[in-house]
Number of protein chains: 2
Amino acid sequence: MRGKGELRFIGVVEVAGEEEARVQIFPEFCDALKGIDGFSYIIILYWIHLRDNEKERNVLQVIPKRHTADVKVGVFACRSPSRPNPIGLCVAKLIKVEDCLLIVEGLDALEDSPIIDIKPYIPRADSISDARVPEWTR
Amino acid sequence: MRGKGELRFIGVVEVAGEEEARVQIFPEFCDALKGIDGFSYIIILYWIHLRDNEKERNVLQVIPKRHTADVKVGVFACRSPSRPNPIGLCVAKLIKVEDCLLIVEGLDALEDSPIIDIKPYIPRADSISDARVPEWTR
């Protein structure tokens, strides 16, 4: 058996929604938000809790949703929520910080999804506007 | 106590290096790479194994390295390797795929870092070239 790591949930999606979502960071991690309001976008890593089971974690290939491809692609080559580690990654616009509450736009997580990390979005490292993608993603 | 999640390591950084790094995906997860060569950039999530201990995981604020700021910022507002969940995130250029081996450029992980997820970089969702950042990151 390969190695494992243990994640601690640091918050939760209290209210989901593409337009506006509310992400509550647990009080014991709240100090880690200091200075986050200096960024207009953040990377939210969340736990796709509804796919955290053996069956979904053993899925290695899928037919991507909302695309016309009728071929299977690997889950590491798409954003399938079924994957060996059910980690969701979303670049979201940070609208407002109210104590331990983040109000964001563009988050694709479902309500009650545990949050596992928040990182600031830094264009110098994170923005590759001309990255090549295959036809089926368009 | 809050909830927890269990990560399975899906690969390892065999050779580190900003210029060229070699990321070995374990054979049992290799099918999940199908189609990844259609992307020129990928997002690599790795486990910062050297910081996976109680002391480093309890760090909530740091003085960012390589910056002139002399104020502490929260670990969720910077890319500190010390954080509640030692997850590293790096956008890397995909140079070549050889079976289960990914040869990439720009990976900041150390040798032997376990890999926890690979996602394709899709500019439509992931590239925000004009995201605002605070002065100290420049």
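Read-outs: derived from the displayed coordinates by stated rules, not from any lab. Quick caveat, the model's predicted, so the values are computed rather than measured. Note: ideal-geometry Cβ built from the backbone for every residue, glycine included; neighbour counts use all protein chains shown.
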**Message:** Which of A:P86, A:P114, A:P64 ends up with the largest GNM mean-square fluctuation for chain A, with Cα atoms connected below 10 Å?
**Reply:** A:P64
**Cleavage-rule hits, GluC sites (Glu not before Pro), the range A:97-132, DSSP coil, Cβ neighbours within 10 Å at most 13** = A:E111
**Message:** A 27 angstrom limit on the alpha carbon distance is what I want to check against. Which of A:K93/B:K34; A:K55/B:K55; B:K55/B:K96; A:K4/A:K119; A:K55/B:K4 exceed it?
**Reply:** A:K93/B:K34; A:K55/B:K55; B:K55/B:K96
**Prompt:** How well do other chains shield peptide A:112-118, expressed as the mean number of their Cβ atoms within 10 Å of each residue Cβ?
**Reply:** 4
**Message:** For the range A:13-75 and the range A:81-124, what is the centre-to-centre distance using only Cα atoms, to the nearest Å?
**Reply:** 6
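Looking only at other chains, what is the average number of their beta-carbon atoms within 10 angstrom of each beta-carbon in A:42-52?
2
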**Request:** Between copies, how far apart are the B:G38 label points? List them in nm, one decimal, shortest first, with each point 7 Å from Cα toward Cβ, please?
**Result:** 4.0
**Value of [θ]222 nm, deg cm²/dmol, for the protein assembly as shown, DSSP H segments ≥ 4, -39500 (n - 2.57) each, nearest 500** = -1000 deg cm²/dmol
**Average partner coverage of A:23-33, which counts Cβ from other chains inside 10 Å** = 4
**Prompt:** Which whole-number percentage describes the relative contact order of chain B, with Cα contacts under 8 Å and a sequence gap of 6 or more?
**Reply:** 37
**Item:** Calculated diffusion of the protein assembly as shown, Stokes-Einstein form, Kirkwood radius summed over Cα pairs, 37 °C and 0.692 mPa s, µm²/s
**Value:** 175
**Asked** Measuring from a point 7 Å out along Cα→Cβ, what nm distances, shortest first, does B:S129 have to its partners in the other copies?
**Response** 0.1
**Asked** Can you run phi through the Karplus equation (6.51, -1.76, 1.60; θ = phi - 60°) for the range B:81-89 and list ³J(HN,Hα) in whole Hz, with x for Gly and Pro?
**Response** x, 8, 6, x, 10, x, 9, x, 10
**Complete:** Any GluC sites (Glu not before Pro) in the range A:1-96 that lie in a DSSP loop and have at most 12 other Cβ atoms within 10 Å would be A:E18, A:E19
**Prompt:** Looking only at A:I63, A:I128, A:I95, which one moves most when chain A is put into a Gaussian network model with springs between Cα atoms under 10 Å?
**Reply:** A:I128
**Message:** With θ taken as phi - 60° and the coefficients 6.51, -1.76 and 1.60, list the Karplus ³J(HN,Hα) couplings across the range B:8-19 in order, rounded to whole Hz; mark glycine and proline as x.
**Reply:** 10, 6, 9, x, 7, 7, 7, 9, 8, x, 5, 6
**Asked** Treating the beta-carbon of each Lys and Arg as +1 and of each Asp and Glu as -1, no other charges, what is the dipole magnitude of the range B:8-118 about its Cα centre, to the nearest 20 debye?
**Response** 620
**Message:** Loop only by DSSP, 15 or fewer other Cβ within 10 Å of the Cβ. Give me the trypsin sites (Lys or Arg not before Pro) in the range B:1-69 that pass, ordered by residue number.
**Reply:** B:R2, B:K65, B:R66
**Asked** So if R0 is 25 Å, what FRET efficiency would A:E20 and B:S129 give, r being the distance between their Cβ atoms, rounded to the nearest 0.05?
**Response** 0.60
**Request:** Take the alpha carbon gyration tensor of the range B:58-130, find the square roots of its eigenvalues, order them as a ≥ b ≥ c, and report rounded if a/c is under 1.5; if not, report prolate when a/b exceeds b/c, else oblate.
**Result:** prolate
**Prompt:** With N residues in chain A, what two-decimal value do you get for its Cα radius of gyration over 2.2 N^0.38 Å?
**Reply:** 1.13
**Asked** Between copies, how close do the A:K72 label points come, placed 7 Å along Cα→Cβ, listed in nm from shortest?
**Response** 5.1
**Message:** With +1 assigned to the C-beta of every Lys and Arg and -1 to the C-beta of every Asp and Glu, and no other charges, what is the dipole magnitude of the protein assembly as shown about the Cα centre in debye, to the nearest 20?
**Reply:** 20
